[in-house]
1. How many residues does segment 202-231 hold that are at pLDDT 90 or above, surrounded by fewer than 18 Cβ atoms within 10 Å (Cβ to Cβ) and over 20 Å from L150 (Cβ atoms)?
2. Could you tell me how many of the residues in segment 328-361 are closer than 24 Å to L299 by Cα, among the small types (G, A, S) and in a loop (DSSP other than H, G, I, E, B)?
3. Anything in segment 362-398 that is modelled with pLDDT under 90, open to solvent by 40 Å² or more (accessible area, probe 1.4 Å) and in a helix (DSSP H, G or I)? List them, or say none.
4. How about segment 21-60: which of its residues are open to solvent by less than 20 Å² (accessible area, probe 1.4 Å) and either at pLDDT below 50 or over 22 Å from F301 (Cα atoms) (or both)?
5. When you look at N305, is it part of a loop (DSSP other than H, G, I, E, B) and open to solvent by 10 Å² or more (accessible area, probe 1.4 Å), yes or no?
6. Of the residues L176, L146, L192, L180, which single one is crowded, with 22+ Cβ neighbours inside 10 Å, modelled with pLDDT of 85 or more and of a type outside the set (D, E, K, R)?
7. Any idea how many residues of segment 141-189 are farther than 15 Å from M293 by Cα and touching a Cys at 6+ places or on another chain (Cβ under 9 Å)?
Amino acid sequence: MPDEEIQTLNRPEAARTVPAPSRSAAPASPQAQPDPTWLGPVLIVGIVLAALNLRPAITSLGALFEEVRTGLGMSGTVAGLITSVPALCFAVFGITAPRLSRRFGPAAVVCAGMAAVAAGLLIRPFAHAAAGFLAASALSLAGIALTNVLLPVIVKRWFPDRVGTMTGLYSMALALGTSLAAAVTVPMTSALGGSWRTGLLVWAVLALVAVLPWLPVAAAARRQKRAADSRAAATVRADAGPKIVRSRTAWALACYFGLQATGAYITMGWLPQIFRDAGVSASTAGVLLAVTMVMGVPLAFVIPNLAGRMKNQGAIAVTLGLFGLVGYTGLHFAPAAGAWAWALLLGVSNCAFPLVITMIGLRAKSPAGVVKLSAFAQSVGYLISIPGPLLIGALYQHSGGWDLPLTVMAALLVPQIALGVLAGRDRTIEDECGMRD
């Protein structure tokens, strides 16, 4: 982002003032007033809690999936459908985020999204049929999809001078929530009596807690929105943001997002099987997957901070891709002998997610641009990612081994690196679409 743009975004009034609500007794033009002193700290807590809840609905189910299948009498087809629902929901519901954000404001939509996550997690343990379980899961995933898209917008709106730091904070929380749910769901279920219903229900408590800080934030943002709605129609039109499909950077970000998500889903779904087929024990294979996932916790904070200080993030995309290439090459030639090294390398490579989220915040000038870019990149990206794990599974079954699947997985990193270089260039979608500041 050019220096003059950064300086503009860093002005205190851009992040710390909101228009006062207009009084019904007088047709006033709103005057800017400081945000309440509590808003910043509460927002930080809300962002962290929201990020913690963006994956436990998925990874807690994965840990107990065999028990859920048996308990609900799911067929193999229905079970396969449930495993592909997350990416589909992220794509379908994520694309609605810009419209909802313009109508209600991003903070209100995130608040509603967290409520949807909590409601779905509360309902699905009480389902007695696969259809009800699937519907409740979809409700939670819809809330996650909206929050996925709008957290970068929240960061851009209230922390424009700390995009890298705040993105790193919530990316780290997201990685922590992912790892925590995968690691503790099974032992926690055993400690609570052994029922998969109880084990899944516990995660609803964390989601309910995440709703609380967003209630006052949404109320404050709603007052700001009422004041903003009283401005001229021309201003509202300007806030609509750029036509995203005209931007090459937007397409590069969307495709980069899709390929990194493909790699992440393949790793989470198939890495333990790769190790087990190489002679590693089942318990050790599970630990190796946990190591890969845990690598995202510290690096999810470091990478966005580093990316936020750089004008061009292409070098980071190249580095992460090279880590993945070395990891897949190692799995091909010595999967058991170097298992711990390959798990660590792939864990680093999977940190392309916090990088692409940071770039979404940097490649648009305004919150309106960020919400469109975030929705576009994530929705298109998740659609791209859907076939990946299915393709690798088919290749594994057809070839009877991992040589061909691993070759394909490594080959996918080549276009991912190239797209990361394109997406990391120092430009904004507004400039590419010919919009004025």
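The values are calculated or read from the model by the stated rules, or taken from the named source; none is laboratory data. Just so it is clear, the model here is predicted, and its values are computed rather than measured. Cβ: placed from backbone, ideal geometry, glycine included. Neighbour counts: every protein chain shown. Protein only, heavy atoms only, side chains kept; ligands, DNA and RNA dropped before computing areas. Shrake-Rupley method; radii C 1.70, N 1.55, O 1.52, S 1.80 Å.
1. Here the count works out to 1.
2. Number of matching residues: 1.
3. Scanning segment 362-398 gives P367, K372, P387, L390, L391, A394, Y396, Q397, H398.
4. Within segment 21-60, L39, A57, S60 meet the criteria.
5. no
6. Numbers: L176 fails: crowded, with 22+ Cβ neighbours inside 10 Å; L192 fails: crowded, with 22+ Cβ neighbours inside 10 Å; L180 fails: crowded, with 22+ Cβ neighbours inside 10 Å.
Of L176, L146, L192, L180, the one residue that is crowded, with 22+ Cβ neighbours inside 10 Å, modelled with pLDDT of 85 or more and of a type outside the set (D, E, K, R) is L146.
7. The qualifying residues number 4.
Matching residues to (1) on the phi < 0 side of the Ramachandran plot; (2) assigned to a helix (DSSP H, G or I); (3) open to solvent by less than 60 Å² (accessible area, probe 1.4 Å):
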residue	(1), (2), (3)
L100	yes, yes, yes
R103	yes, yes, no
A116	yes, yes, yes
G120	yes, yes, yes
R124	yes, yes, yes
H128	yes, no, no
A131	yes, yes, no
A136	yes, yes, yes
